[in-house]
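**Q** Take this structure first; my questions come after.
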Amino acid sequence: MQRDLTVVITGASAGLGRAIAYEFGKVGARVGLISRDLSALEATAAEVEHLGGRAATYAADVSNDQAVEAAAASFAERLGPIDIWINNAMVSVFSPIKEMEAAEFRRVTEVNYLGYVYGTLAALRRMLPRNRGRIIQVGSALAVRSIPLQSAYCASKHAIVGFTDSLRCELIHDRSKVKAIVVHMPAMNTPQFTWVKNRLPNLPQPVPPIYEPEVGARVILHAALTSSPRREYWVGGSTVKAIFGQKFIPGLLDLYLGKTGYKAQQREEPDSPNRPNNVWHPVATKLGAHGPFDAKSRTFSLEAQVSKHRGWFVLGCGLGCGLLGAALCARKYLTR
């Protein structure tokens, strides 16, 4: 059945997007790959086909709505009707707000939020007439609980959730069988931390615990293939803690992150202000799906497995884990 599935992935040339492409390749899907880096896309496509899928590439910046629409038309012609659209492309800037430039906020918003909007619109134009299809938005724990130094990224992730909630309501009103799904990700070992724009003195890193991108990619695959997908999936214990912590102790989290959030996002290696970043242009890399943190990254998430199933058991496990994490966070802060 999966060999009849056409999937489009934005931000597919590296990191989580590349890991997602590999998962669909393994099940023999037809995979359309979008990013700005054509050579990296072609390498991803070759791997997808080696794994058993079929791949097509289209170099585009998702902040350009016409380019996204052209990519969708190209994939529909070359691969067939689009069944799954996965919005994943992103850029970020590690910087205190007081040092950010207006153009940087605009750029992050255009890629991370409007890029999702443009991808969703392109998918809806093709899915609604057929009355089937799934749009999967790659979210983040930071879509619920913001952290310091990534204000533009956090804001864009919050916007995606608001947009998708509105979309779901409208699909229900129209009695459409098209589904909109958000998968909230934890910190992941991807190449973004080698090319993100950074104003901090040291090299950036994801806030531990760190997960390998395959952990999130497998949840995306499940959301695409299951007969009854959830509206949201939470990947990683840290994501569950962030979501429930924000619900119950947001003020304490403000204090805790204000005290620890700067150090937690930096390695003990100095960064160079002249290091290339990918905010405006792609940066070449040979890292593929993984970043430089394999040695301290987790390959499994119990919470991701639990999130694939419904019922009060899921709610109870999530609530218990979240409250426990929030309590430990409070204890750690109050005893420092």
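Where a number appears in this text, it was derived from the coordinates with a stated rule and is not lab data. Keep in mind it's a predicted model, so treat the numbers as computed, not measured. Because the Cβ atoms are built from the backbone with ideal geometry, glycine has one as well, and the counts that use them run over all protein chains shown.
**Q** Note down the net charge around residue 130, summing +1 for each Lys or Arg and -1 for each Asp or Glu among other residues with Cβ under 10 Å from its Cβ.
**A** +2
**Q** What ratio of Cα Rg to 2.2 N^0.38 Å holds for the stretch 191-253?
**A** Against the empirical 2.2 N^0.38 Å value, I get 1.46 for the stretch 191-253.
**Q** Report the net charge of residues surrounding residue 100, where surrounding means a beta-carbon distance below 12 angstrom and charges are Lys +1, Arg +1, Asp -1, Glu -1.
**A** Its environment carries a net charge of +2.
**Q** Mean residue ellipticity at 222 nm from the helices of the chain, using -39,500 (n - 2.57) per DSSP H segment of n ≥ 4 over the full residue count, to the nearest 500 deg cm²/dmol? Please list the in-between numbers first.
**A** Working: 12 runs with 156 residues, N = 336.
The helix-only estimate for the chain comes to -14500 deg cm²/dmol at 222 nm.
**Q** Quick one: which of 24-31, 280-287 comes out on top by average Cβ neighbours within 10 Å, and what's the full order, highest first?
**A** 24-31, 280-287
**Q** Can you give me the Rg/Rh ratio for the stretch 2-334, using Cα atoms for both radii and the Kirkwood formula for Rh?
**A** Working: Rg = 18.9 Å, Rh = 20.0 Å.
Using Cα coordinates only, the ratio equals 0.95.
**Q** Moving to a separate point now. Return the sequence-ordered ³J(HN,Hα) values of the stretch 274-289 in whole Hz as given by the Karplus equation 6.51 cos²θ - 1.76 cosθ + 1.60 applied to θ = phi - 60°, using x for Gly and Pro.
**A** Each residue of the stretch 274-289 in turn: 8, 5, x, 10, 9, 4, 9, 9, x, 10, 5, 8, 10, 7, x, 7 Hz.
**Q** Where does each of 5-16, 195-206, 255-266 land if you order them by average Cβ count within 10 Å, highest first? Spell out each step's value before the answer.
**A** On the way: 5-16: 27.7, 195-206: 18.5, 255-266: 15.9.
Output ranking for 5-16, 195-206, 255-266: 5-16, 195-206, 255-266.
**Q** Could you pull out every residue, at least 5 positions away or on a different chain, whose amide H is within less than 5 Å of the one on residue 202? Hs are placed 1.01 Å off N in the peptide plane, and Pro or chain starts have none.
**A** Long-range HN contacts for residue 202: 271.
**Q** Further question on the same structure: So for the chain, averaging the separation of alpha carbon pairs under 8 Å that are six or more residues apart and normalising by length, what relative contact order in percent results?
**A** 18
**Q** Continuing with this model, one more query. Would you work out the relative contact order for the stretch 1-76, in percent, from Cα pairs under 8 angstrom that are 6 or more residues apart?
**A** Values: 152 pairs, mean separation 21.8, N = 76.
Normalised by residue count, the contact order of the stretch 1-76 is 29 percent.
**Q** Can you pull the semi-axes for the stretch 147-252, root of five times each eigenvalue of the Cα gyration tensor, sorted largest first, whole Å?
**A** Whole-Å semi-axes of the equivalent ellipsoid: 28, 17, 14.
**Q** Which number gives the lysine pairs in the stretch 2-334 that have C-alpha atoms under 21 Å apart and are eight or more places apart or on different chains?
**A** Eligible lysine pairs with Cα atoms under 21 Å apart amount to 24.
**Q** Here's a follow-up. Each residue of the stretch 80-91 in turn: what ³J(HN,Hα) in whole Hz from Karplus with 6.51, -1.76, 1.60 and θ = phi - 60°, glycine and Pro shown as x?
**A** Going residue by residue, I get x, x, 7, 9, 10, 10, 10, 8, 9, 4, 7, 9 Hz, with x marking Gly and Pro.
**Q** Amide H to amide H under 5 Å from residue 190: which residues, 5+ apart in sequence or cross-chain, H placed 1.01 Å off N in plane?
**A** For residue 190, the qualifying residues are 291.
**Q** Counting only other residues whose beta carbon sits under 13 Å from that of residue 113, what net charge do I get with K and R as +1, D and E as -1?
**A** +1
**Q** In whole angstrom, note down how far apart the Cα centers of the stretch 140-218 and the stretch 229-285 are.
**A** If we compute the Cα centre of each part, the gap is 10 Å.
**Q** Which ³J(HN,Hα) values, rounded to whole Hz and listed in residue order, are derived for the stretch 28-44 from phi using the Karplus coefficients 6.51, -1.76 and 1.60 in 6.51 cos²θ - 1.76 cosθ + 1.60 with θ = phi - 60°, glycine and proline given as x?
**A** x, 6, 8, 10, x, 10, 10, 6, 7, 9, 5, 5, 5, 4, 5, 5, 4
**Q** Which of the GluC sites (Glu not before Pro) found in the stretch 1-102 are in a DSSP loop and have at most 14 neighbouring Cβ atoms, other than their own, within 10 Å? Intermediate values should be presented prior to the final figure.
**A** Details: sites: 23, 42, 47, 49, 69, 77, 99, 101; in loops: 101.
When the GluC sites (Glu not before Pro) of the stretch 1-102 are filtered for loop state and at most 14 Cβ neighbours within 10 Å, 101 remain.
**Q** Hey, can you grab everything whose amide H is under 5 Å from the amide H of residue 94? Only 5+ residues off in sequence or another chain; H modelled, so Pro and N-termini drop out.
**A** Distant-sequence amide H within range of residue 94: 197, 198, 199.
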